[in-house]
1. With helices defined as uninterrupted DSSP H runs, which ones in the chain have an alpha carbon span along their own long axis of at least 24 Å and mean Kyte-Doolittle hydropathy of at least -1.0?
2. Using a 7 Å offset from Cα along Cα-Cβ at Ala162, what residues in the stretch 114-151 end up with backbone N under 20 Å from the label point?
3. Over the residues of the chain, compute the C-alpha Rg and express it relative to 2.2 N^0.38 Å.
4. Report the Cα centroid-to-centroid distance between the stretch 127-149 and the stretch 18-33 in angstrom, as an integer.
5. Which distance in Å, rounded to a whole number, links the C-alpha centroids of the stretch 156-224 and the stretch 111-125?
6. Could you go through the stretch 258-263 in sequence order and give the Karplus-derived ³J(HN,Hα) for each residue, using 6.51 cos²θ - 1.76 cosθ + 1.60 with θ = phi - 60°, rounded to whole Hz, and x for Gly and Pro?
7. With a sphere of radius 13 Å drawn around the Cβ of Ala159, what net charge do the other residues whose Cβ falls strictly inside it have (Lys, Arg +1; Asp, Glu -1)?
8. Say a paramagnetic label sat at a point 7 Å from the Cα of Glu245, along Cα to Cβ; which residues of the stretch 254-270 have their backbone N under 11 Å from it?
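Every read-out reported here was derived from the displayed coordinates using simple, explicitly stated rules and does not represent laboratory data. What you are looking at is a predicted structure, and each value in this text was computed from that prediction instead of being measured. Reconstructed Cβ throughout: ideal geometry from the backbone, glycine too, with neighbour counts over all protein chains shown.
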Amino acid sequence: MLTAARFRAMHRAGDPLLLPNAWDAASARWLVEQGAEVVGTTSLGVAVAAGMADGTGAARVPTVALARRLTAAGITVTVDLESGFSDDPVAVGELAAELARDGVVGINLEDSATDGRLVDAAAFAAKLAAVAAAAPELYLNARTDAFWADPPPADDPHAIAARTTVSLERARRYLDAGASGVFVPGALDDRTVAALAGGIPAPLNVLARPGRAVRELGELGVARVSTGSLLFRAALGAAATVLDEVRRGTPPGTTALEIPGYAAAAALGDGPSSSG
């Protein structure tokens, strides 16, 4: 497993860390097998896989259980905690400290409420300050949702500029509270990404963008690229595709998907990660 300090050092503007997000032990092990040094968890995937709604604070138990399962298996993990599973900064700080003791190297906290609205920036900054005080070794990724909660039309530069301003203001406040980096999810164009990277004096995290290489996002100043719920949703889509091929009798070997064999899949549940 990597140390928290090593994980922090992997956030480099211009040479981004590609962080794949897992939703259970098997997906995390599989991502490690594909070369990932660090795995993030996806709150959507963890919650939905457990039969719960994402972003509502309901998935604390499966989230913490998965984090512990992964660290016990020797997998370096950073955990998506939604908005911290509590409105009490002290409780959020205690949870962060607990995860740090379990070997987690980072956490992600978001500043939107269960109804999708942005929460009060001061209240969210208080959570970040509590985490920074309780678990200073953790990489604290502060997610601000101005583009996520209320996506601006792609052809409205004034709305995009307004969301950018809000994101920058919140990012600076969160960094002052102790955040290590800032995550701005959403469908961001190149100009917006560059403006955010230039205006945030800390590592910028964005979502992976179809058709845009990680290297190209690095050229815009990005330090971390997360897949978010993409891989979980892709797995659901792949299952539907293969099921349809079975239904139609598609000849073996003609599917566009590369499907792991039984032994490879079964090995994902067998002991510690091969990566150590």
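1. Values: long enough: 157-177 (30 Å, -0.38); 230-248 (27 Å, 0.73).
For the chain, where a helix must reach 24 Å along its axis and average at least -1.0, the hits are 157-177, 230-248.
2. Residues 116-121, 144-151 qualify, since their backbone N sits under 20 Å from the label point.
3. Working it through for the chain, the quotient is 1.01.
4. Distance between centres, Cα-based: 22 Å.
5. Distance between centres, Cα-based: 18 Å.
6. Once rounded to whole Hz, the list reads 9, 9, x, x, 4, 4.
7. Its environment carries a net charge of -3.
8. Of the residues in the stretch 254-270, 254-260 have backbone N under 11 Å from the label point off Glu245.
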